[in-house]
Amino acid sequence: MRYSHLFTPLKFSHWQLNNRVIMGSMHTNLEESENGFEKLARFYQERVAGGVGLIITGGIAPNHSGALTAHQALMQTEQDAQNHKVVTHRVHQAGGLICMQILHAGRYGYHPNIVAPSAIQAPISPFLPAELTEIQIEQQIADFVNSAKLAQQAGYDGVEIMGSEGYLINQFLVARTNKRTDNWGGSFINRCRFALEIVSQIRQQLGDKFIIIYRLSMLDLVEQGSSIDEVVSLAKQIEQAGANILNSGIGWHEARIPTIAAMVPRATFTKMSKQIKQQVNIPVVTCNRINMPDTAEQVLAEGDADLISMARPFLADSDWINKAKNGQTHLINTCIACNQACLDHVFEGKLASCLVNPRAAHETELNFTLTAQPKKLAVVGAGPAGMAFSIYAAQRGHQVSLFEAQPRLGGQLNLAKQIPGKSEFYEMLRYFKNQLIENKVNIKLNHIATPADFNEFDEVIVATGVVPRQVDFPGADSDSVVSYLDILTGKTQPADAVAIIGAGGIGFDIAEYVCHFADKAENPIQVNIKPQDDSKVQQSGVLSAKETNLVDEFTDKWGIDLNLSVRSGLGKAKVEKSAKTIFLLQRKTDKVGAGLAKTTGWIHKMELKQQGVAMLSGVEYKKFDHQGLHINCNGEAQILPVKQVIVCAGQESLAELASQINDKPVHIIGGAYLANQLDAKNAIKQAAVLAAKI
């Protein structure tokens, strides 16, 4: 078997798992939505049918003070347990195990009734927590135990105790957030008491046939966090207290270091779980940026962990396990770690989903059933929208032909994959190409479609994308004023000193690209990429497995000490500024980057600041000449001494073809429909919705 370690069964205590991958915790907001538990049941059921043996739910609070938001789902009453029974029943019916994560937010809660070991406000919450009294601490422990009892009553096979990521238990463990001088603070032994009492009391009261997973913070990445000796000591004590499995937690949520975003190399943090695995006798789980079977197999083969935890990859593809087992890794829809439809949605109060799989968490409403009336459909444009529609429509039984003017598939994805930190787009392209072949879509490359091509088709889908918007000021017609398209297609190389007009997502991407650009370099992105060929089935993964060649560079850049020779693993960042002079400009007076995504925008801003990029808002563009770009910045005249201006000022829809077709239904999707931004998430979702009903 290709993945012999991945598919070696694991026996622990009274249970056995058929493979070494578990579905890790991730909140979807389904728990709080209308008919949400029925939807959640279907969501988890499909993952078990896809091969997942053990699921850990999103975080459920044990009481109101522990809720992340005022409306978060609780496990506090008999009715709460009753609500969850449909979830556990469906999972068991499909042959899986499921554990409920008990998460107490502590000072991370986003409501006024939060509590913590000490009254210290978190930088990511506007509320000051109340300091728990000793009596209240005992009650919190009792609430954890009560929540576990109710979870058992609801049919859960066990619970995961969330002891990492900076939530309440983690807050007790470190001096950063625990300033107490009583029996719950001061010495490390006292600071551990809260975690140990929770685990030991749950074990004592629920028996040995109830799974207890403890999420251990192995790398805090904040000042005054845990030392390696403390992490190891706690791991051993948690094992003695009765835990069956130790899961990995990496980084507090307030840490200003990326841990799961796309720019984090694959399997960066597995070294931490390996250190713990060598010290305990129960299975240890590793996690973070493991999204393909080759990576998971290598992690297990090297002895870094006993189990792999993945959450977002099962949003991207519910059949991940079965495809890997059946030799269909090339058909896995890979998580690209963008966070756009999962974490960003959750933080906005929306349902979680997935950019590459908009059906995720919408299984009861978005389905691609076989049509009773197959049609001949012409799709024009092989970008994200066109490819996604073609695949979904073909799955429904329609006969689909895909026209593309360029010599290769992918559209704007071929630009996105070149941006440093976005190499996972190679996997997205691999998936789309293979699915087009698998679903027998007729692909016509190098073909500029005209109405004459559509005589034999029933309907036409126009997904022709966008063109860059032009700017208008004296000198804008200079050869040194170029578009982002000119730069990313290689038509023009970045100059040594550039001004970038437009500070949206594309502007930030271009700034990152220019920072790392090496003149005459064939590929400025340092990743191991296998060759591409649109004419045949692609490799099962186009990126290297663990990307070990990039981990040292990443950890040096962000000051991560994986050896924990310094407390909390928080070392000194080694940053080299870009050799290029770069100005990132926007007309709006808002702070530059204010419109970027919540969970990843701060990373992009920090990276550009590290590179020395100057970011200016409130800019008026006056003219460009031999002196540079003349601007007014908040009313002050300046001349930026640049040799080149790169325009990232938005896009315009390219949909003229639609107006030329008068004899049959025409549908416009993707950027051709709305060009306010290059948005693969909305383009793919729009394509899916249309394909489901056409």
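Any read-out appearing in this document is the output of simple, stated calculations on the displayed coordinates, not a laboratory observation. All values reported here derive from a predicted model rather than from experimental measurement. Methodologically, a virtual Cβ is constructed for each residue, glycine included, from the backbone with ideal geometry; neighbour enumeration extends over all protein chains shown.
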Using a basic spin-label model with each label point 7 Å from the Cα along Cα→Cβ, how many nm lie between His447 and Asp479? 3.8 nm
Multiplying the sequence separation of Ser33 and His71 by 0.36 nm and subtracting their Cα-Cα distance, what value in nm do you get? 12.7 nm
Between Thr371 and His14, what FRET efficiency comes out of the Förster formula 1/(1 + (r/R0)^6) with R0 = 45 Å and r the beta carbon distance, rounded to 0.05? 0.45
A 23 angstrom limit on the alpha carbon distance is what I want to check against. Which of Lys598/Lys622; Lys85/Lys209; Lys271/Lys598; Lys350/Lys588 exceed it? Lys598/Lys622; Lys271/Lys598; Lys350/Lys588
Cα to Cα, under 13 Å, and not fewer than 8 places away if on the same chain: which aspartates and glutamates meet these conditions relative to Lys605? Asp509, Glu512
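How high is the relative contact order of the chain, in percent, counting Cα pairs under 8 Å that sit 6 or more residues apart? Intermediate values should be presented prior to the final figure.
On the way: 1561 pairs, mean separation 86.5, N = 694.
So the answer I get is 12 percent.
Once fully extended, how much extra length lies between Gln79 and Asp625, figured as 0.36 nm per residue of separation less the alpha-carbon to alpha-carbon distance?
Stretched fully, the Gln79-Asp625 segment lengthens by 189.5 nm.
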Output needed for the chain: three equivalent-ellipsoid semi-axes, defined as square roots of 5 times the C-alpha gyration tensor eigenvalues, in descending order, whole Å. 44, 32, 23
Backbone HN-Hα couplings from phi across the stretch 617-624 [Karplus 6.51/-1.76/1.60, Hz, Gly and Pro as x]: 10, x, 9, 10, 9, 9, 6, 10
Using a Förster distance of 41 angstrom, determine the FRET efficiency expected from the C-beta separation of Asn549 and Met1, and round it to 0.05. 0.90
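List the pairs from Lys323/Lys433; Lys546/Lys580; Lys274/Lys574; Lys433/Lys491 whose alpha-carbon separation is above 20 Å, in the order I gave them. Could the numbers behind the result be given before it?
Working: Lys323/Lys433 16 Å; Lys546/Lys580 31 Å; Lys274/Lys574 25 Å; Lys433/Lys491 25 Å.
The pairs that break the limit, which is 20 Å between Cα atoms, are Lys546/Lys580; Lys274/Lys574; Lys433/Lys491.
Rg/Rh for the stretch 23-174: what does it come to with C-alpha atoms and Rh from Kirkwood?
0.99
Ratio of Rg to Rh for the stretch 10-347, alpha carbon only, Kirkwood? Spell out each step's value before the answer.
Numbers: Rg = 18.6 Å, Rh = 19.9 Å.
My calculation puts Rg/Rh at 0.93.
With the Cα gyration tensor of the stretch 127-261 in hand, give its eigenvalues times 5 under a square root as the equivalent ellipsoid semi-axes, listed largest first in whole angstrom. Can you show the working numbers first?
Working: eigenvalues 109, 65, 41 Å².
Largest first, the stretch 127-261 gives 23, 18, 14 Å.
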Cα centroid separation, the stretch 334-366 to the stretch 20-60 (Å): 13 Å
What is the spin-label model distance, in nm, from Phe347 to Asn563 if the labels are put 7 Å beyond Cα along the C-beta direction? 3.3 nm
Mean shadow area (nm²) of the C-alpha convex hull around the stretch 89-194 is 7.5 nm²
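For the stretch 399-506, what class follows from the C-alpha gyration tensor (a ≥ b ≥ c being the square roots of its eigenvalues): rounded when a/c is under 1.5, otherwise prolate if a/b is larger than b/c, else oblate? Show your work: numbers first, answer last.
Values: a/c = 3.01, a/b = 1.68, b/c = 1.79.
Since a/c reaches 1.5 but b/c is at least a/b, the shape of the stretch 399-506 is classed as oblate.
How much net charge surrounds Ala672 when only other residues with a Cβ under 13 Å from its Cβ are counted (Lys, Arg +1; Asp, Glu -1)?
Numbers: positive: none; negative: Glu652, Glu656, Asp679.
That works out to -3.
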Please list, ordered by chain and number, the residues whose modelled amide H lies under 5 Å from the amide H of Val400; skip anything fewer than 5 residues away on the same chain. Leu377, Asn442
Could you check the spin-label model distance between Trp602 and Thr589? Points 7 Å from the Cα along Cα→Cβ, value in nm. 2.7 nm
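For every other residue with a beta carbon closer than 11 angstrom to the beta carbon of Gly465, add +1 if it is Lys or Arg and -1 if Asp or Glu, then tell me the sum. Display every interim value, and only then the final one.
Details: positive: none; negative: Glu404, Glu652.
Here the count lands on -2.
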Considering only the other residues whose Cβ falls under 13 Å of the Cβ of Thr295, what net charge follows from Lys and Arg at +1 and Asp and Glu at -1? -3
